[in-house]
Amino acid sequence: MLGKNKRSITAFSLGLLLAMAIYLVPGMTSDAIAKEAFAEQVFAEEAFAKEVLAQEAVEGEGEAEIEWSQDVFYRDWEGNPLKGPVSGYPAPELGPSDYNNYDFAPSRMLIWVANQQHLYFGSFVLAVPIFCMLIEFIGIRTREEDPIMSQKYDRLAHDLMKISLTAYSWTAILGGILLFTFITLFPGFFKYLAGIFRPVMHVYALMFLAESGILYVYYYGWDRMNQDPFLKWIHASLSVLLNLVGTILMFLANSWATFMQAPGGIDSEGRFLGNIWHVIHSTLWNPVGVHRILGNIVFGGGIVGAYAAYHYLTAKTEEDRAHYDWVCYVAMFICIFGLIPLPFAGYWLMKEVYAFRQQMGITLMGGIMAWLFIIQAVMIGLLFFAANSYLHNGMARVKGSHRYMKYCKYMVLLLIVCFTMWMTPHTIVMTPAELKVMGGAQHPVIGHFGVMSAKNTAVNLMITTTVLCFILYQRANKKITVPWATAGNCWIAAIFVGAAANIIFLGVYGYYLPANQRVGLSVPQVCTTLTTLFAGTAINISMFKDSESYGEVKWGSQSKVGTYAIFLLAISFTWLMGLMGYIRSAVRLFWHVTEVVRDNSVDAYTLTIGEAGKMLTFNTLFVWVQFVVVFWVGSLSGKKEQVKAPEGVPVPAQQ
Amino acid sequence: MNKNLVSFLVFVVGLAVFHNAIFPIFTPKPIGWILNRYVYYLVFVAFLIITHFVLRLKPSIAMKALFVWFLGYYFYDAILFPPIPWTLFITYMVMWSIGVFLYISQDTDSFREFREPIVKTIVGEYKLAQIVVMIAMPILVGFATYKSIYPAYQEPVELRTVHPAPPATTKVHGITYPLESTNNPFRIDEQDKYKDSFPFLDADKQEYMKYVTEGGTIFFQNCHYCHGDQLNGIGMFSHVFNPTPANFIDPGTIAMLQESFLFWRVAKGGPGLPNESTPWSSSMPPWEEHLKTDEIWKVVLFEFWYTGHHPRTFGTEGSIAGSEGGE
């Protein structure tokens, strides 16, 4: 599907599954591993404390020299707060002298813009190496079978890296702006944060240096390491290293944000208790990390897709059209693959937020941020619409797809019905007259859609529908010839029908359970959806063995509607990312560090929905203007190469 | 005869007959599982599909899109009962319109076919249609402008947070309660739902039921005037309030909340709400001024018992705490 080669799609899918597993497995097993490590650590710390106290008792010094204090978050096995040696100063009571401001804009808005812009670019430059790693790997794997296709993959990875290189410098500049904005406008708070995260900040800077070094070697060594197979593998390994360092960088930076939201490793006065790992690894660190990785993949895919879509729509030659159509497909493939598990990572994050402070969870889902969550629901719906629209249009240009196109309208209907449930608010905005006509605040029919049982069911069905659409897309031009074709089809049908029945059953069953048990049903619902993804895709791919083709994908013939869907997806996701970032950050309300450092600035207020929306739109437009500039800069060197390229080189995808 | 026209006539006449004759005559007032307005609507849709199939009518994609869009409009406008508020109607129709657009734009051919009559109207190939559109458009715009600037006397709608985040602690009658860890002191047992234990005023049965009964007595002395004798928010005074009193039967209200949350809300009433919940528009009195602490707890106990809901707990969930709420 990613060209003419059947193995390439298998390799690509497996590669993505593997990549996802690499990220998900630590997430899933981290609790168990963390508990074990935690137990050892607690044991060691307690032993150390006893030793110190015993020594002091023997010496008869009287008062202990080391002051011990209780952690605000960590607890030992008996549920008592964990104790640690006080190793820092108390959190300051911030006053007017700890805040600076300009006349033209509130400091809060300035730090918001600086932060968001840096995050957008950071997200992009972290995502692109993941794509490059996968695409280059596929290129190497297909080198012997299909050298032209292999070259095409390699070229694509190289082109993406070229854009990423420009964006990388841009990210660093934006990071600098963010740092200066922070230091100059919030010096008091920065001093406190720097006091705790001092070693992390230095390690971060060094990791940034390592990232830059690897990036330059990886990019500038591309052509030189391209010919020799051994060197090519070394080059591919560099991309793995690049991603590893990039992920560590992101996790280190995440720790500052997660500490502010849900602190650990300090006492109630804000004094550091000597264990930097506790500070880094606070309760939201893991879910935020996984959520951001998946979000980066979708965001990066969306941007690369939009870039390719623009070139596709403006292409002058058939070759260019074919090429950029193919790039759109690769980007969307990655994007959708990240989009499917993204809501689940979000659920995990919310679960941890509730576990940390129920109050914070209620503020998010039922309190002052609840209407923003309704907007989020709309944006997520748009993403799924855009993804499905692209898949439908993409499928339509594949020979043999007429067998499946007739099901598209039913899938659209299902999506719309689910989306209706997904975004129906619990509290409806209405006039008193409408309230009277309705007979009460709850509607007897749609009132049932306001709780999570309905919403979980809806979103799981939407994802399952998208997975089904993707599976049909994969097999659109294939005539299945394996002897077990009927059995395979039956299995796929059974998996999807069974999954839908199970998801709906669990959703309805949830209404008859107490709330604390009801939320637990989301776990089997998610598992059901993931089963359709993994089992359905695996069976589907297995059935492609020795399949006959109705004809290759005619790249360059994607409809305009399908191409515009990519823009919709990219822009919606940019806005959505800003929205969720704002919600996550604003839920601290009037705290810099929740319940430890109070925000005493004049900006310690929560924005109205309209004001927040304006800021998000500004950030979205601003970052897209920058992306256009970065892409333009990146294309300056490409134009020269295009002139030099020999004519008559066959376009592999059209063969 | 033009098949598009036949198809259009089938749709229009069918809908007119259904809406004006069949639907009002046959739809039963009490909604049953089988005989209800939604099933009748589905039967009507089935009628349209079958008629087209039998008469071998194949309307153009634009016509199909029109039918589908209008069926959605008709459902939300006339079938869904009681009528939904305007804001929700608009939201649903936007979604339905997006769905129709996805349907017509799923491939290049269908989208081209859909655009064809529009393009022909614009370029003047369909002269009559062009004249109709050119006359209708300014009239519609004028009408919309008139509607939008015509002064309205209704109260403005406001976004209100029904389940605000509670404070970390609340002070009632001189005692400070941490809300996350406070439990109802009268929840000594958990059994006997209202439905299972009728007649419910069997106070001698056990201690738990004694507390429930006492809570019920307090409820009917103080609360049912607004919250209703069935706890469904439709009390005798409820109709004069905006927002209306809470409906405890609804799975989206007390079923999602801890007992301590209810304790705080009952004790502090409307004035104790945070700003996002518009304390100025809630008329619930702060009951701590009228009831004792124990009485508040007993009322809360009664509300859960009567409705059959279990209070939300967080401590016992282990790994399955979640994102409940869904404002």
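Read-outs throughout are calculated quantities, based only on the coordinates presented, and are distinct from any laboratory measurement. Everything numeric here is computed off the predicted structure, so don't read it as measured data. Glycine gets a Cβ as well: all are built from the backbone with ideal geometry, and neighbour counts include every protein chain shown.
By count of other Cβ within 10 Å, fewest leading, how are B:177, A:312, B:153 ordered?
Working: B:177 16, A:312 24, B:153 4.
The most exposed by this proxy come first: B:153, B:177, A:312.
Which length gain, in nm to one decimal place, applies between residue B:33 and residue B:150 when the Cα-Cα distance is subtracted from 0.36 nm times their residue separation?
This chain segment gains 37.8 nm when fully extended.
If amide H atoms are built 1.01 Å from N in the plane of the peptide, which residues on other chains or at least 5 residues away come under 5 Å of the amide H of residue A:597?
A:592
Which distance in Å, rounded to a whole number, links the C-alpha centroids of region B:254-273 and region A:489-564?
So the separation of the two Cα centres works out to 41 Å.
Given all pairs of different Cα atoms, what value in angstroms does the Kirkwood hydrodynamic radius of chain B take? Intermediate results must be reported in sequence, preceding the final value.
Working: mean 1/r = 0.0399 Å⁻¹.
One decimal place: 25.0 Å for the Kirkwood radius.
How far is helix B:37-54 tilted, in degrees, relative to the longest principal axis of the Cα atoms in chain B, given as a value from 0 to 90 rounded to the nearest 10?
It is inclined by approximately 20 degrees.
Set the Förster distance to 25 Å, then compute FRET efficiency between residue A:628 and residue A:206 from the Cβ-Cβ distance, nearest 0.05. Let's see the in-between values first.
Numbers: r = 33 Å, r/R0 = 1.32.
After rounding to 0.05, the efficiency reads 0.15.
Just how far, in whole angstrom, is region A:567-595 from region A:290-352 if you go by their alpha carbon centroids?
Answer, in whole Å: 20.
Rounded to the nearest whole Å³, what is the per residue volume of the convex hull around the Cα atoms of chain A?
Values: hull volume 124.5 nm³, N = 655.
Output value, Cα hull per residue: 190 Å³.
Helix hunt in chain A: which complete DSSP H runs extend at least 15 Å axially by C-alpha with mean Kyte-Doolittle at least 1.0?
Details: long enough: A:6-59 (76 Å, 0.57); A:107-141 (51 Å, 1.11); A:147-185 (55 Å, 0.69); A:187-220 (42 Å, 0.86); A:229-261 (48 Å, 1.10); A:285-314 (43 Å, 0.62); A:318-339 (31 Å, 0.53); A:342-356 (21 Å, 0.67); A:370-396 (39 Å, 1.36); A:408-423 (22 Å, 1.94); A:452-474 (33 Å, 0.97); A:485-510 (37 Å, 1.52); A:560-586 (39 Å, 1.17); A:609-644 (53 Å, 0.57).
Both cut-offs are met by A:107-141, A:229-261, A:370-396, A:408-423, A:485-510, A:560-586.
Based on DSSP H runs of at least 4 residues, each adding -39500 (n - 2.57), what is the mean residue ellipticity at 222 nm of chain A after dividing by all its residues, to the nearest 500 deg cm²/dmol? If you can, show how the numbers build up before the last one.
Details: 21 runs with 461 residues, N = 655.
It lands at -24500 deg cm²/dmol.
When ranked by the protection proxy of mean other Cβ atoms within 10 Å per residue, highest first, what sequence do the peptides A:362-370, A:346-354, A:543-551, A:69-77 form?
Working: A:362-370: 25.1, A:346-354: 21.8, A:543-551: 14.0, A:69-77: 16.9.
Per-residue Cβ counts within 10 Å, averaged per peptide and sorted highest first, yield A:362-370, A:346-354, A:69-77, A:543-551.
Counting only residues 5 or more places away or on other chains, whose amide H sits under 5 Å from the amide H of residue A:69 once H atoms are built in the peptide plane?
A:84, A:86
R0 = 35 Å: FRET efficiency of residue A:606 with residue B:187, Cβ-based, nearest 0.05?
Details: r = 35 Å, r/R0 = 0.99.
Calculated transfer efficiency: 0.50.
Return the whole-Å distance between the Cα centroid of region A:130-148 and the Cα centroid of region A:383-406.
26 Å
Given points 7 Å out from each Cα along the Cα-Cβ axis, report the residue B:60 to residue B:116 separation in nanometres with one decimal.
0.6 nm
State the extension gain, in nm to one decimal, for the chain segment bounded by residue A:535 and residue A:413, taking 0.36 nm per residue of separation less the distance between their alpha-carbons.
In short, 41.5 nm is gained.
Amide H to amide H under 5 Å from residue A:478: which residues, 5+ apart in sequence or cross-chain, H placed 1.01 Å off N in plane?
When sequence neighbours closer than 5 places are left aside, the close amide H contacts are A:550.
If you count, for every residue in B:107-116, the Cβ atoms of partner chains within 10 Å of its Cβ, what is the mean? Mind showing how you got there, number by number?
Working: counts 13, 9, 3, 6, 6, 1, 0, 0, 0, 0.
If you average over the peptide's residues, the count of other-chain Cβ atoms is 4.
Helix B:293-307 versus the longest principal axis of chain B: what angle, 0 to 90°, nearest 10, using Cα atoms?
The angle comes out near 40 degrees.
Using label points projected 7 Å from each Cα along Cα→Cβ, tell me how many nm separate residue A:226 and residue B:125, to one decimal.
Inter-label distance under the simple model: 4.9 nm.
What FRET efficiency comes out for residue B:175 versus residue A:67 if R0 is 30 angstrom and r is the Cβ-Cβ distance? Round to the nearest 0.05. Could you put the intermediate results ahead of the total?
Working: r = 33 Å, r/R0 = 1.08.
Approximately 0.40, to the nearest 0.05.
Quick one: order A:152, A:406 by neighbouring beta-carbon count within 10 Å, fewest to most. Please list the in-between numbers first.
On the way: A:152 22, A:406 8.
Least crowded to most crowded, the residues run A:406, A:152.
Pull out the extension gain between residue A:501 and residue A:560, defined as 0.36 nm times the separation in residues minus the alpha carbon to alpha carbon distance; nm, one decimal. Spell out each step's value before the answer.
Details: separation 59, 0.36 × 59 = 21.24 nm, distance 3.59 nm.
Answer, rounded to one decimal: 17.7 nm.
In degrees between 0 and 90, to the nearest 10, how far off the longest principal axis of chain B does helix B:3-17 point, with axes built from Cα atoms?
Once rounded, the angle reads 40 degrees.
Sort A:247, A:465 so that the residue with the fewest other Cβ atoms within 10 Å of its own Cβ comes first and the one with the most comes last.
Working: A:247 19, A:465 22.
The most exposed by this proxy come first: A:247, A:465.
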